[in-house]
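The values are calculated or read from the model by the stated rules, or taken from the named source; none is laboratory data. None of the values given here were measured: they were computed from a predicted structure. Positions of Cβ are backbone-derived with ideal geometry, glycine not excepted, and every protein chain shown enters the neighbour counts. Just the protein is used for accessible areas: all its heavy atoms, side chains included, with ligands, DNA and RNA removed. Shrake-Rupley method; radii C 1.70, N 1.55, O 1.52, S 1.80 Å.
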Amino acid sequence: MTTRSCRHFPIALAVWTLGGTAFLGLGAAVATAPSSWLVEDIPQSVVTEQQTRTALAARQLQRALDSGASDLNAVAAGIKTLHDVDTPGRLLTQLMSTRTRYRGAAYLSPSGAVLAKAGEDVDAGAVAASDKPALAAAAPQGVSPRVFVAVPVTGDRAGRIVAEFKPQSLISPLALAGPGNTRLLNADRLVIGATSGFTAFEPLTRPDLDQAAQSARTAGAGAALHDVDGRRHLVSWAPVTTTEQTRQLGLVVVTDRPETSLTLPHSSERNELVLLGVLIAALTVVVFGWLYAVVISPLLALARDARRIAGGDTATPVIVRRYDHLGLVARDLERVRRDLLGRA
């Protein structure tokens with residue numbers, strides 16, 4: 001009986017191996033199948049929504065830039081009206097304390113001399129002198145994009161006020177475009193801001209994103225689907241050109257969203273199948289691990305003891321560690337070992 005049982009040990013091990021492999025394969029198939037057979041068209045409503053959100057981000061950025069002209073116009077009016085020598089410095093300090101969007105601001109004479117300032121030093125030459133409010137972006141250099149706003153001061157205290165925006169004040173509105181990576185591009189289609197990490201003034205490496213930036217400059221807001229490395233991406237774009245001042249900068253907002261970040265009708269089914277696949281794999285590991293510890297490993301140990309005794313090695317006893325059927329087999333095998341040892 002023991003020999004016949006030993007003969008079944010390799011079969012039990014093979015069944016355990018094949019069963020575990022089959023269930024793990026089933027879990028992997030269930031988890032990965034949705035990406036191949038749950039392929040659906042992206043509804044036009046989703047495309048339109050993303051286009052709207054990108055346009056909203058562009059409008060919010062335009063408002064932030066235009067508000068710079070409003071802020072400085074208020075300071076310019078105060079300088080023109082109040083003739084106190086400390087007025088420019090006081091108004092600029094108040095501007096910096098109440099408007100956190102600026103890195104620094106300066107009041108300049110017609111010749112460009114700094115008459116008062118607050119915050120960090122401002123590059124007065126970044127914005128050409130003009131009799132109208134103006135926005136300007138510094139030439140690509142360094143590691144931080146710089147955008148400036150300037151307004152003229154008329155009257156007896158003629159000159160101009162120049163302020164520099166904080167980079168974060170240009171990046172924060174981009175979050176309105178939603179998930180994915182939203183980039184802010186200058187007139188040369190170089191990145192000057194993004195919701196993900198970016199390198200200042202880096203060019204767009206994907207042709208579809210570069211084409212989107214060009215379309216924003218020539219045709220306005222839009223959206224399109226593109227295949228990128230075998231996966232679908234929804235790309236939307238919008239120009240920041242609502243007013244004359246912002247039109248001078250030529251800024252463009254481009255959003256790139258992979259299909260996995262979109263909320264589609266079958267997204268919940270896809271997630272449920274992935275969860276089911278993970279659950280099957282986890283249960284397989286637990287159940288077949290328990291079977292190995294409780295059944296397979298003891299059977300293998302009994303098979304080794306049976307082969308050892310059959311080969312004439314009766315010196316080492318068979319350890320009985322349990323009192324179920326496998327324990328009974330181990331006890332009988334130990335009895336056989338002792339009988340053989342007594343006959344010797």
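Given H placed on each backbone N at 1.01 Å, which residues far from residue 228 in sequence or on other chains put an amide H within less than 5 Å of it?
It is 233, by chain and number.
For the chain, what does -39500 (n - 2.57) per DSSP helix run (n ≥ 4), summed and divided by total residues, give at 222 nm, in deg cm²/dmol to the nearest 500?
Helix-only estimate at 222 nm: -16000 deg cm²/dmol.
In the chain, if the dipole is taken from +1 on Lys/Arg beta carbons and -1 on Asp/Glu beta carbons about the Cα centre, which of 179, 310, 297 is farthest to the positive end?
The one lying farthest along the dipole's positive direction is 310.
From the Cα gyration tensor of region 176-327, with a ≥ b ≥ c the square roots of its eigenvalues, which class applies: rounded if a/c is under 1.5, or else prolate if a/b is larger than b/c, or else oblate?
Since a/c reaches 1.5 and a/b is larger than b/c, the shape of region 176-327 is classed as prolate.
So what's the angle, to the nearest 10 degrees on a 0 to 90 scale, between helix 2-32 and the longest Cα principal axis of the chain?
The two axes meet at around 20 degrees.
Applying the Karplus parametrisation 6.51 cos²θ - 1.76 cosθ + 1.60 with θ = phi - 60° to the phi angles of region 318-323, what ³J(HN,Hα) value in whole Hz is obtained for each residue in order, glycine and proline being reported as x?
8, 7, 9, 9, 8, 10
To the nearest 10 square angstrom, how much accessible area does residue 292 have with a 1.4 angstrom probe?
It works out to around 90 Å².
With point charges of +1 on the Cβ of Lys and Arg and -1 on the Cβ of Asp and Glu, referenced to the Cα centre of the chain, which listed residue (226, 25, 285) lies farthest in the positive direction of the dipole?
285
Quick query: amide H of residue 101 versus all other amide H atoms, modeled in the peptide plane; which residues come in under 5 Å with a sequence gap of 5 or more or a different chain?
none
Short version: ³J(HN,Hα) in whole Hz for each residue of region 149-163, in order, from phi by Karplus 6.51 cos²θ - 1.76 cosθ + 1.60 (θ = phi - 60°), x for Gly and Pro, what are they?
10, 9, 9, x, 10, 9, x, 5, 10, 4, x, 7, 10, 10, 10
Rounded to the nearest 20 debye, what is the charge dipole size of the chain about its Cα centre when +1 sits on each Lys and Arg Cβ and -1 on each Asp and Glu Cβ?
For the chain, the charge dipole is close to 1380 debye.
With a 1.4 Å probe and all protein chains left in place, how much of the accessible area of the chain comes from carbon and sulfur atoms, in whole percent?
Carbon plus sulfur share of accessible area: 58 percent.
On average, how much accessible surface per residue is there in the chain, in Å², for a 1.4 Å probe, leaving out ligands, DNA and RNA?
Result: 53 Å² of accessible area for each residue.
As an exercise, take the mean of 1/r over every pair of distinct alpha carbons in the chain, invert it, and state the Kirkwood radius in angstroms.
26.4 Å
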